[in-house]
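I have placed the structure first, in the form of structure tokens, so that the comments after it can refer back to it.
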Amino acid sequence: MVIDTNILNNIHRPTYVLEESLLRRNLSLISKVAQEADVEIILAFKAYALWKTFPIFREYIGATTASSLHEARLAFEEFGVPAHTYSPAYTDYEIDEIAQYSSHITFNSLSQYARYAAALREKGWGGAFGLRINPEYSEVETLLYNPCAPGTRFGVTADVLEAHKDYVDFNLLTGFHCHCHCESGSDVFERTLQHIEERFSSWFPKIRWINFGGGHLMTRDDYDVPRMIHLLKDFKERYPWLHVILEPGSAFAWQTGPLVAQVVDIVEDKGIRTAILNVSFTCHMPDCLEMPYHPTVRGAKLVDEPSTFNYRLGGCSCLSGDWMGTWQFDHPLQVGENIIFEDMLHYTTVKTTMFNGVSHPDIALLRTDGTLVTLRHYTYEDYRDRMD
């Protein structure tokens, strides 16, 4: 169920609201999949990094994945364990510190592996080295999110790996990482797995673990969880020595809470009414414009034809395209009225910007006892200090 509108109506400034009971629901399901399939499922910070909720996560999972020095440090210092770290490119000035905060370091290319793996081992780093592989297959239709599209900068293909097997020292390599999903179902994973095995299974006897990445949206209502468990168990029967890891991001925070905004003005031009809000699509809901997709607005529906209570929803930045629409409400909107954007915790909170210096929404947690706690209130100093 979603948070009661009466609770949200008492919020009078832009706020992301995370509902603890819904977060625990997702965590329980993910933990169940991990236990029944005998795999490890870890949290990807690129989709969710609200570190003040990590104590809740620690009741269900034991590790996280990072894509940068700062994410790795967040894992180490706030989650309490070293990160499974992958980056498209490591740098000389960060790699040693990244290693300090990581249990796994996965390289995107053979050149990065050759540049850093042996050097880190010589310095005494004792973690696991991995290599990202590209199965040259993905069903992600939006090119912006397809990591296996022709010309991709992600991962090593099987033919490149084969061509270098006699020239690269793979003795330090212990695992593979493969990411080619985006909010996908278990049926997509089944088809993708065929391509991974066809291209790379000859290498499996040489490694100890495989990470199937993120994009497994197992907390979505129509996701076939038993099928996913069956696929993972079958894979482990074929390769019992491989420790299997998954690192979904969206699945953890899927449908766990809205972004609450307010109408601050209503303008009209050429017969088009726009309700201007105190939030921004480009700043606070960037995937709506990047993907693009239309969010769900509580109490409203998307329409193509004009009607009595139709409104575009406009953001508060000066970007001309900072709007979405058109929505039909069952009443005339009023200045000060709340507009509730459903399912706005995953990716939004980590991708927001302070473009234009627009006020950033608060982040709040609705506890299981009904108490609403503000986790973070952003101030002028947060904006100013980014440029310090």
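The values are calculated or read from the model by the stated rules, or taken from the named source; none is laboratory data. It should be emphasised that the depicted structure is a prediction, and the values quoted were computed from it without experimental measurement. Heads up, the Cβs are rebuilt from the backbone with ideal geometry, glycines too, and the neighbour counts pull from every protein chain shown. Protein only, heavy atoms only, side chains kept; ligands, DNA and RNA dropped before computing areas. Shrake-Rupley method; radii C 1.70, N 1.55, O 1.52, S 1.80 Å.
Summing -39500 (n - 2.57) over the DSSP H runs of n ≥ 4 in the chain and dividing by its residue number, what mean residue ellipticity at 222 nm do you reach, to the nearest 500 deg cm²/dmol?
Calculated at 222 nm, the ellipticity per residue is -7500 deg cm²/dmol.
In whole Å, what is the distance between the alpha-carbon centres of segment 361-388 and segment 226-300?
After rounding, the separation between the Cα centres reads 20 Å.
Just how large is the dipole of segment 144-291 about the Cα centre, in debye to the nearest 20, putting +1 at every Lys and Arg Cβ and -1 at every Asp and Glu Cβ?
On the way: 13 positive and 20 negative charges, 73 e Å.
I would put it at about 340 debye.
Note down the net charge around residue 282, summing +1 for each Lys or Arg and -1 for each Asp or Glu among other residues with Cβ under 11 Å from its Cβ.
Surrounding charge for residue 282 is -2.
Only Lys, Arg, Asp and Glu count, each charged at its Cβ (+1, +1, -1, -1), so figure out the dipole size of the chain about its Cα centre, rounded to 20 debye.
520 debye
Where the accessible area of segment 309-388 is counted over protein heavy atoms with a 1.4 Å probe, how much of it, in %, is carbon and sulfur?
That share works out to 49 percent.
Give a quick list of chymotrypsin sites (Phe, Trp or Tyr not before Pro) in segment 84-134 that DSSP marks as loop, anything other than H, G, I, E or B, with at most 13 other Cβ atoms within 10 Å.
Passing sites in segment 84-134 are 93.
Determine, for segment 108-237, the count of lysine pairs separated by eight or more sequence positions (or lying on different chains) whose alpha-carbon distance falls under 24 Å. Walk me through the numbers on the way to the answer.
Details: 123/206; 165/206; 206/233; 206/236.
Counting lysine pairs in segment 108-237 gives 4.
For the chain, modelled as a GNM with alpha-carbon contacts under 10 angstrom, which of 220, 73, 153 fluctuates the most?
153
Could you run the Karplus curve 6.51 cos²θ - 1.76 cosθ + 1.60 with θ = phi - 60° over segment 375-388 and give me ³J(HN,Hα) per residue in whole Hz, x for Gly and Pro?
Once rounded to whole Hz, the list reads 7, 7, 10, 8, 10, 4, 4, 4, 5, 4, 6, 5, 9, 5.
Go through 386, 25 and list them by solvent-accessible area, largest first, probe radius 1.4 Å.
Most to least solvent-accessible, the answer reads 386, 25.
Sequence neighbours fewer than 8 away in the same chain don't count; with that in mind, list the lysines whose C-alpha is under 17 Å from residue 351.
The reachable lysines, counting only those whose Cα sits under 17 Å from residue 351, are 46.
Leaving out ligands and nucleic acids, note down the accessible area per residue over segment 1-138 with a 1.4 angstrom probe, in whole Å².
Ligands and nucleic acids excluded, the result is 42 Å² per residue.
Skip the ligands, DNA and RNA, and give the accessible area per residue of segment 250-388 with a 1.4 Å probe, whole Å².
Per residue, segment 250-388 has 49 Å² of solvent-accessible surface.
How large, in percent, is the carbon and sulfur part of the accessible surface of segment 58-168 at a probe radius of 1.4 Å?
So the carbon and sulfur contribution to the accessible surface is 49 percent.
Using the basic label-point model (7 angstrom from Cα toward the beta carbon), what is the residue 293 to residue 241 distance in nanometres?
4.0 nm
With Cβ to Cβ distances under 10 Å as the rule, what net charge do the other residues near residue 350 carry (K, R +1; D, E -1)?
Taking every other residue near residue 350 into account, the sum is +1.
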